[in-house]
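For reference, the structure discussed in these notes is given below.
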Amino acid sequence: MAAWTNWSGFVRAAPQRSVNPGTEAEIVAAVRDGPAPVRVAGTGHSFTPIVESNGSLLSLDGIAGVVRTDANAQTATVRAGSKIHALGRPLYDAGLALKNQGDIDRQAIAGAVGTGTHGTGPTLGSLSSEVTAFRLVSASGEVLECSAQANADVWSAGRVSFGSLGVMSEITMSARSIYKLRERNWLMPAAVCWHELAKLRDAHRHFEFFWFPYADDVVAKSLDETDDEAPAPKTSEHMRLRGERVTNDQRLFNLGCTIAKFLPSLSPALQRMFTRAAMGTSDRVRWSHEAFPSPRNVKFNEMEYAVPAANGADCIQEIAEAVRNKKIATCFPLEFRFVKADDIWLSPFYKRDAVTISVHQFAGQDFTTLFDTAEAIFKRYGGRPHWGKMHTLGAREFEALYPKWDDYRALRRKLDPTGRFLNSHLRHVFGESDG
Ligand SMILES: Cc1cc2nc3c(=O)[nH]c(=O)nc-3n(C[C@H](O)[C@H](O)[C@H](O)COP(=O)(O)OP(=O)(O)OC[C@H]3O[C@@H](n4cnc5c(N)ncnc54)[C@H](O)[C@@H]3O)c2cc1C
């Protein structure tokens with residue numbers, strides 16, 4: 001019985017059986033014959049207990065790598081356990097790149113797809129929205145080929161399904177030809193940010209900002225396509241190591257967060273200091289898969305909701321005001337990003353252009369007041385939570401948020417009638433009683 005914890009250390013599991021399949025047939029055997037609940041771990045970067053299992057826990061680390069690329073169709077088929085950082089270089093060598101990525105590249109591709117992981121850009125959807133096909137091992141051990149043409153309902157629902165419909169063994173992503181991005185970071189008074197937001201959003205392929213709520217300025221970041229020179233692309237091993245590196249900036253940030261945890265009244269002063277220090281490296285050009293991710297090695301827990309795009313600025317200002325009014329101790333910034341609507345049944349972006357707002361708390365520091373305060377505001381804005389990030393919602397609330405909720409539940413029951421894939425968190429989410 002090997003113990004398992006998620007990235008932040010908040011979720012722990014003691015599965016009866018830990019399985020490391022090396023082939024799809026071994027996934028089938030583990031799903032069909034292993035003790036329930038059967039859950040799959042990507043790299044444990046989710047904050048909610050969606051991986052947790054006291055039955056079987058599968059790791060697909062051994063099911064990794066590019067299966068094939070198609071330069072004409074601009075697609076890449078990869079094994080589900082592939083880490084995102086291990087995909088950039090082989091795809092680059094095939095002339096292809098993902099259209100967008102999130103803040104980090106540590107996740108397994110199936111783990112990232114499973115929760116609707118996204119980057120920023122008003123014309124760009126989540127990683128899940130770029131999935132054109134996948135192979136899914138269902139509860140009975142049957143392997144389903146899913147795409148818009150085959151098992152279309154499972155494809156429509158399964159692109160954001162966090163292992164509740166089955167285990168993905170292979171994923172085909174829509175990609176594009178390789179491209180370079182210029183990164184810029186700058187400080188901007190928050191008031192200017194609200195005034196210019198629509199312009200900033202439309203002027204950049206990727207625009208986002210971070211806001212320490214006790215500071216007057218936001219830290220803005222843009223990424224734009226360029227033909228300018230970029231350093232030669234790194235190896236996959238270099239990219240793996242790059243994401244694990246703890247920089248001096250991160251050491252200082254960790255120290256500041258630790259001080260604020262014990263002396264919470266210092267949070268405002270530290271936040272203002274971090275804002276000035278957050279300028280980091282500005283104006284540099286890199287190949288896309290190297291430009292998107294940044295090392296994030298100061299551990300935290302996180303809540304994120306997607307709210308209708310038009311209300312994003314009001315929502316984040318309310319949250320920041322509430323943090324200041326309640327004098328909540330926290331040293332992390334709020335993060336604000338744009339995501340294009342999609343048609344995936346349980347995607348937070350289902351038929352709705354959205355803004356995502358993330359609220360972080362230093363790992364080991366109490367997040368109750370911060371997250372409760374933010375969640376009450378998110379709910380008023382009709383927000384939908386990120387499936388991998390903290391929330392307190394259950395089936396009743398999800399039913400009101402997702403027009404396809406009942407269809408999803410019916411499909412899930414059809415594919416997994418005895419609930420082999422449901423742990424207690426997912427039973428709560430889907431309103432299913434204990435099996
Ligand atoms: C530092 C940090 C930065 C982050 N940045 C972003 C960001 O920029 N944007 C964003 O949207 N999110 C972000 N996240 C959240 C993260 O991307 C998601 O929680 C993602 O799901 C984690 O991927 P993972 O590989 O760790 O999967 P896990 O957390 O291990 O698993 C996620 C879900 O996928 C399921 N799963 C995994 N593999 C399979 C499979 N083969 N078949 C079926 N189901 C499977 C798991 O059972 C689980 O339900 C961040 C998280 C952290 C800790």
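The values are calculated or read from the model by the stated rules, or taken from the named source; none is laboratory data. All of these numbers come straight from a predicted model, not from anything done at the bench. Every residue, glycine among them, receives a Cβ derived from its backbone with ideal geometry; neighbour counts consider all protein chains shown. Heavy atoms of the whole protein, side chains included, go into the accessibility calculation; ligands, DNA and RNA do not. Shrake-Rupley method; radii C 1.70, N 1.55, O 1.52, S 1.80 Å.
Taking the Cα centroid of the stretch 159-210 and of the stretch 213-243, what is the distance between the two, rounded to the nearest whole Å? For the stretch 159-210 versus the stretch 213-243, the Cα centre distance is 12 Å.
Taking the convex hull of the alpha carbon atoms in the chain, what volume per residue do you get, in Å³?
For the chain, the hull spanned by Cα atoms encloses 132 Å³ per residue.
Each principal axis of the Cα cloud of the stretch 180-385 was evaluated for its coordinate range; sorted largest first, these ranges are 48, 41, 33 Å. The slack in the chain from residue 418 to residue 366, taken as 0.36 nm per residue of separation less the alpha-carbon distance, amounts to 15.1 nm. When the residues 132, 275 are ordered by accessible surface, computed with a 1.4 Å probe over the protein chains alone, the sequence from largest down reads 132, 275. Taking chymotrypsin sites (Phe, Trp or Tyr not before Pro) across the stretch 155-251, the ones in a DSSP loop with at most 16 further Cβ atoms lying within 10 angstrom of their Cβ are 179. Under the simplified labelling scheme, the residue 244-residue 149 pair shows an inter-label distance of 4.1 nm, with each label point 7 Å from Cα along Cα→Cβ. Compute the long axis of helix 368-380 from its Cα atoms, compare it with the longest principal axis of the Cα atoms of the chain, and write down the angle in degrees, 0 to 90, nearest 10. So the helix axis and the longest Cα principal axis differ by about 80 degrees. Surface analysis of the chain yields an accessible area of 40 Å² per residue, using protein heavy atoms and a 1.4 Å probe. Only Cα pairs under 8 Å and 6+ residues apart enter the sum, and on that basis the relative contact order of the stretch 1-110 stands at 23 percent.
Relative to the longest principal axis of the Cα atoms of the chain, helix 248-262 runs at roughly 80 degrees. With loop defined by DSSP as not H, G, I, E or B, and exposure as at most 15 other Cβ atoms within 10 Å, which is the longest segment of the chain clear of exposed trypsin sites (Lys or Arg not before Pro)? The longest such stretch corresponds to 1-244. Were the residues from residue 229 through residue 311 laid out at 0.36 nm apart, the gain over their Cα-Cα distance would be 25.7 nm. Simple point charges give the picture: +1 on the Cβ of Lys and Arg, -1 on the Cβ of Asp and Glu, and for the stretch 66-177 a dipole about the Cα centre of about 240 debye. The label-point distance for residue 326 and residue 432, in a model that sets each label 7 Å from Cα toward Cβ, rounds to 3.3 nm.
Cross-link partners of residue 351 among lysines, defined as those whose alpha carbon lies under 16 angstrom from its own and excluding same-chain residues fewer than eight positions apart: 340, 404. If R0 is taken as 22 Å, the Cβ-Cβ distance between residue 252 and residue 282 corresponds to a FRET efficiency of 0.75. Looking at the stretch 253-322, none of the chymotrypsin sites (Phe, Trp or Tyr not before Pro) sits in a DSSP loop with at most 16 other Cβ atoms within 10 Å of its own Cβ. In degrees, nearest 10, range 0 to 90: what is the angle between the Cα axis of helix 24-33 and the longest Cα principal axis of the chain? Compared with the principal axis, the helix lies near 80 degrees.
Mind checking the alpha-carbon convex hull of the stretch 66-177 and giving the volume per residue in Å³?
96 Å³
Could you point to the residue in 104, 248, 57 farthest towards the positive end of the chain's charge dipole, with +1 and -1 charges on the Cβ of Lys/Arg and Asp/Glu respectively? Most positive-ward Cα: 248. Apolar share of the accessible surface for the chain: 51 percent from carbon plus sulfur atoms, 1.4 Å probe. Taking all Cα pairs closer than 8 Å and separated by 6 or more residues, the relative contact order of the stretch 45-180 comes to 26 percent. Dipole magnitude for the stretch 128-188: about 480 debye, using +1 per Lys or Arg Cβ and -1 per Asp or Glu Cβ, origin at the Cα centre. Only lysines eight or more places from residue 326 in sequence, or on another chain, were considered; those with a Cα closer than 19 Å are 261, 379.
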